[in-house]
Number of protein chains: 2
Amino acid sequence: MSDIEGLTNHQVRLAARPNGLPGPDVWDHTSEPVAEPAEGHIVVQVTHVSLDPAMRGWMNDGKSYVPPVGIGEVMRALAAGRVVASKNSGFAVGDVVTGTFGVQEYAESDGAGVQTVHPTDEVDVPTYLALLGMTGMTAYFGLFDVGALKDGETVVVSGAAGAVGSVVGQLAKIKGCRVVGIAGGPEKCAWIVDELGFDAAIDYRAENVKKALRAAAPDGIDVYFDNVGGEILDAALTQLRFGARVPICGAISTYNATEVPPGPANYMSLLVNRARMEGFLVFDFVDRFGAAAKEMAGWLAEGKLRSREDVVSGQVSDFGEVLLRLFRGENTGKLVLQIA
Amino acid sequence: MSDIEGLTNHQVRLAARPNGLPGPDVWDHTSEPVAEPAEGHIVVQVTHVSLDPAMRGWMNDGKSYVPPVGIGEVMRALAAGRVVASKNSGFAVGDVVTGTFGVQEYAESDGAGVQTVHPTDEVDVPTYLALLGMTGMTAYFGLFDVGALKDGETVVVSGAAGAVGSVVGQLAKIKGCRVVGIAGGPEKCAWIVDELGFDAAIDYRAENVKKALRAAAPDGIDVYFDNVGGEILDAALTQLRFGARVPICGAISTYNATEVPPGPANYMSLLVNRARMEGFLVFDFVDRFGAAAKEMAGWLAEGKLRSREDVVSGQVSDFGEVLLRLFRGENTGKLVLQIA
C-alpha cells in the first residue's frame, strides 16, 4: 500500500452552476492527500477522462435521470485508470479499469460499476471509453433497439463525426443501410465519408440541411438518430418516411442555451408519417452491455468498425478548457483528456 | 330510379385555401342536378356530415397523408346517409351507410369504403360517425396500440370533451386507469367528470395546466393522448413518467395558426424519461376496425361507454359556420351537421 503514501490528488470540483457555456469560474481546483482505501474499496489512478455532452446536463440543478453534481463536489466523469491500491478481492493493483471516477487524479471506489479491461496494442485504453464503452453502447442500443433498425434502411445521424454519431453510422453500414451524416465543417464531412464509409455527408455550417437531406435521402429517412436537437432535428423531421423512428440521444446544440430553446416545430411530421420520436439512456440496457461489447469488439477486430479518439494530453486542471472544445464542436471522434 | 329524377344536389366546394381560420370566402356554394349512378355505383342522400379537426389539414396545399382537397372540389367529409339509387349489388335503396361522401346533399359512390350500418333507437346514425365510426376507432387504436396502455396506468387526454378525447378517457376508465381530462371551460370539465367518470378535469382556460397536472397526476403521466398540441402538449411533457407514451392524434390548437407554431420545447423530457411520442392515423388500423367496433358496441350496450354527439341541424351551406364551432372549441362530444 505504500505506493500511494504521500500522493496528492488534484481535483476539479463544481464551484457554481453555469449559465450558458461553462467558463472557468464554474470550476474549483482542489487537492487533498490520497488516502488508503476503506475495506472493500480500491484506489484508481485516473489516466483518461471521458468528455461527454451529458456532462453539461449534470451541472444543472433540477430533476433529471441522475442527480445533479452538487456544488463543491468533484465533477462527475466516466474515466479509465489503473488500480494503485486494493482492499477489494475483485481488483488487483495494476488492473486497468473504467468507471465513474470523476475529474480527479485518484478516485476511491467500492468497485460498483467498475469494469476491468484488457488493453492491447490494437485496442488501447481510450477505446474502452469510446467504441467499447458507454459511447459505443449508446450508439448500439440507440440504433438497434430504440431505432429498431432494419437492414437496408436509410439512416441519418447528426453529430456524425462525434463520439456516438461516428459509431452509429458505421453500425448502420454494417447492416447494409444507406447512411447520411450531418457534421460541421469539410474535414469532418470528408472523414465520415472517406474513412468511415458513410454514403454522404452534410456540412450543416455550409449547407441548408433540409435541402441537402432531400438530395442525400431522396426517398426519406427511416431512422434519424439525433445527437444535436435544434434546427437540425427540425429539418430532419420534415424528411421522415412512413414509420420512421427518431431516437433522441442528446441535444448538444441546446445544452448551453441561456433561454429555453425552441422545440421541434415540425413534430407533426410524426403524425403525417406515423413516426415516433423516443428518448433513451444507455443505462437502461445495462444487462446487455456484455453481449453488445463482445459483438462490437468482434467488428472492431474484423476492421468493420473503427474507433477514433481525440486525445488531449494535460492535467485534470485542463478539464474545463477541454470540455469547451466539445461544445464548440472541435473534436472529431471521442474526446478524451489523458492525464499526463 | 325515378326517386332521384329532378333532384338538385347542393354542395360546398373549396374556393380558396384559407390563411388562418377558414372564413366564408373559402367556400363556394354550388348546385347541380342529381344524376343516375354509373354502373356499379350508388347515390347516397347525405343526412349527417361529420366535422373533424383533420378537415383543416385537408384544406392546405402540400404533402400530407392524403392529397389536399383541390380548389373547386367538393369539401371532403365523412358522412352518413341513405342509399336512394343503386346499381351496386352490395347496396339496396334505403340502406343507411357511412362513407367519405363530402359536404353535399347527394353523393355518388362506387361503394369503396362505404359501410352499411343498422341504427336503432339506442344507437342512432350520428353514433356511427362518432363512437362507432372513425372517431371511436381513433380513440381505440391511439390509446391501446400507439399508447400501449396498461391496466391501472395514469392517462391524461387533451381535448377531453371533444369527440376523440371523450372516448379515450372512457376507454382508459374501462381499463382501470386514473384518467385526467384537459378541456376548456367549467361545463366541459363537469361533464367529463360527472357524466363520463373521469377522475379529474383541468380547465385549461382557467388553470395553469402544468401545476394542475402536477396536482391531478402527482406520480406523473404514463400515457398523454394529445389532441391539441401547443402549450398543453408542452406542459404535459414536463410531467411524464419513466417509459411514458405520447400518442399524437392531432394539434387543433395550431391548425389555424398563420405562422409556424412553436414546437414542444420540453421534448427532451422524452430522453430524461425514456418516453416516446408517436404519430398515427386511424386508417393504418383498417384491418382491425371490425373487431374494434364490435368491442366498442358491446361496451356501449353495457353502458360502459357513452357516445355524445353535438348535432347541429341545418343545410349543407351552413357547413362553414359549423366548422368554426369546432375550432372555437364550442362543441362537446362529436360535432355533426344534420341536413334538415
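Just so you know, all these numbers are worked out from the coordinates, no wet-lab data involved. Note that this is a predicted model, so its numbers are computed, not measured. Ideal geometry is used to build each Cβ from the backbone, glycine not excepted, and the neighbour counts take in all protein chains shown.
Under the √(5λ) rule applied to the eigenvalues of the Cα gyration tensor, what semi-axes describe the equivalent ellipsoid of the range B:161-273? Give them in Å, descending. Numbers along the way, then the final one.
Working: eigenvalues 87, 62, 33 Å².
Result for the range B:161-273: semi-axes of 21, 18, 13 Å.
For residue B:19, place a label point 7 Å out from Cα along the Cα→Cβ vector, do the same in each other copy, and report the separations in nm, one decimal, smallest first.
Going from nearest to farthest copy, the values are 4.0 nm.
If you place +1 on the Cβ of every Lys and Arg and -1 on the Cβ of every Asp and Glu, how big does the dipole about the Cα centre of the protein assembly as shown come out, in debye to the nearest 20? If you can, show how the numbers build up before the last one.
Working: 56 positive and 84 negative charges, 8 e Å.
Charge dipole, the protein assembly as shown, about its Cα centre: 40 debye, nearest 20.
Looking at A:137, A:189, A:176, which one has the Cα that reaches farthest to the positive end of the dipole of the range A:134-283 (charges on Cβ: Lys, Arg +1; Asp, Glu -1)?
About the Cα centre, the residue reaching furthest to the positive side is A:176.
With Cβ to Cβ distances under 9 Å as the rule, what net charge do the other residues near residue B:38 carry (K, R +1; D, E -1)?
On the way: positive: B:87; negative: B:36, B:39, B:108, B:110.
For residues surrounding residue B:38, the net value is -3.
Could you please rank B:258, B:135, placing first whichever residue has the fewest other Cβ atoms within 10 Å of its Cβ? The partial results should precede the final answer.
On the way: B:258 9, B:135 27.
Fewest to most other Cβ atoms nearby, the residues stand as B:258, B:135.
With a cap of 14 neighbouring Cβ atoms within 10 Å, and only residues DSSP puts in a loop, list the chymotrypsin sites (Phe, Trp or Tyr not before Pro) found in the range B:115-192.
Details: sites: B:128, B:140, B:141, B:144, B:191; in loops: none.
Loop-located and lightly packed - none at all.
Order A:328-337, A:217-226, A:194-203 from most to least packed using the mean count of other Cβ atoms within 10 Å.
Values: A:328-337: 21.2, A:217-226: 23.0, A:194-203: 19.4.
For the peptides A:328-337, A:217-226, A:194-203, the packing ranking is A:217-226, A:328-337, A:194-203.
Quick check on the exposure proxy: order B:276, B:214, B:76 from fewest to most C-beta atoms within 10 angstrom. Display every interim value, and only then the final one.
Values: B:276 25, B:214 14, B:76 21.
Taking fewest neighbouring Cβ atoms as first place, the list is B:214, B:76, B:276.
What would the Debye equation give as log₁₀ I(q)/I(0) for chain A at q = 0.09 Å⁻¹, counting only Cα atoms as equal point scatterers?
Relative scattering, expressed as log10 I(q)/I(0), comes to -0.48.
Would you give the gap between the C-alpha center of the range B:251-330 and the C-alpha center of the range A:159-224, rounded to a whole Å?
37 Å
With each pseudo-label sitting 7 Å past Cα toward Cβ, what's the residue B:82-residue A:258 distance in nm, one decimal?
That separation, rounded to one decimal, is 7.1 nm.
Can you pull out the trypsin sites (Lys or Arg not before Pro) in the range B:106-197 whose DSSP state is coil and whose Cβ has at most 16 other Cβ atoms within 10 Å? Intermediate results must be reported in sequence, preceding the final value.
Values: sites: B:150, B:173, B:175, B:178, B:188; in loops: B:150, B:175.
Those that pass, being in a loop and sparsely packed, are B:150, B:175.
Report, as an integer, the average count of C-beta atoms from other chains found within 10 Å of each Cβ along B:258-271. Could the numbers behind the result be given before it?
On the way: counts 0, 1, 3, 3, 4, 11, 6, 7, 2, 9, 11, 4, 8, 16.
Mean shielding by partner chains, rounded to a whole number: 6.
Over the Cα atoms of the protein assembly as shown, compute the convex hull volume and normalise it per residue, giving Å³.
Values: hull volume 115.4 nm³, N = 680.
Each residue corresponds to 170 Å³ of Cα convex hull volume.
Taking chain A as a Gaussian network, where each spring joins two C-alpha atoms under 10 Å apart, which residue of A:265, A:160, A:291 fluctuates the most?
Top of the fluctuation ranking is A:291.
Report the closest approach of any chain B C-beta to the axis of the B-to-A rotation: residue and distance, in whole angstrom.
Here the nearest residue and distance are B:263, 2.
On average, how many beta carbons from a partner chain sit within 10 Å of the beta carbon of a residue in B:279-285?
Working: counts 13, 5, 5, 0, 1, 3, 0.
Averaged over the peptide's residues, the number is 4.
Every other copy gets compared here: list the nm distances from the residue A:291 label point (7 Å along Cα to Cβ) to its counterparts, shortest first, one decimal.
Here the equivalent label points are 2.9 nm apart from this one.
What GluC sites (Glu not before Pro) does the range B:48-137 have in DSSP loop regions with at most 16 other beta carbons within 10 Å? Numbers along the way, then the final one.
On the way: sites: B:73, B:105, B:108, B:122; in loops: B:73, B:105, B:122.
Answer by residue number: B:73, B:122.
Out of all DSSP beta bridges in the protein assembly as shown, what portion is antiparallel? Express it as a percent rounded to 5. Present the calculation step by step, with values, prior to reporting the outcome.
Working: 64 of 116 bridges.
Beta bridges within the protein assembly as shown, antiparallel portion: roughly 55 percent.
Which of the residue pairs A:175/A:334; B:63/B:150; A:150/A:210; A:150/B:173 have a Cα-Cα distance greater than 26 Å in the structure shown?
Values: A:175/A:334 23 Å; B:63/B:150 35 Å; A:150/A:210 24 Å; A:150/B:173 37 Å.
From A:175/A:334; B:63/B:150; A:150/A:210; A:150/B:173, over 26 Å: B:63/B:150; A:150/B:173.
Treating only the Cβ of Lys, Arg, Asp and Glu as charged (+1, +1, -1, -1), what charge dipole size does chain B show about its Cα centre? Round to the nearest 20 debye.
On the way: 28 positive and 42 negative charges, 274 e Å.
Using only the charged Cβ atoms, the result is roughly 1320 debye.
Between copies, how far does the label point of residue B:61 sit from its twins, in nm, shortest first, when each point is 7 Å from Cα along Cα→Cβ?
5.2
In which sequence would A:110, B:25 go, from the one with the fewest C-beta neighbours within 10 Å to the one with the most?
Exposure proxy ranking, most exposed first: B:25, A:110.
Nearest 20 debye, what's the magnitude of the dipole of the range B:134-283 about its Cα centre given +1 on Lys and Arg Cβ and -1 on Asp and Glu Cβ?
Working: 13 positive and 16 negative charges, 69 e Å.
Computed about the Cα centre, the dipole is about 340 debye.
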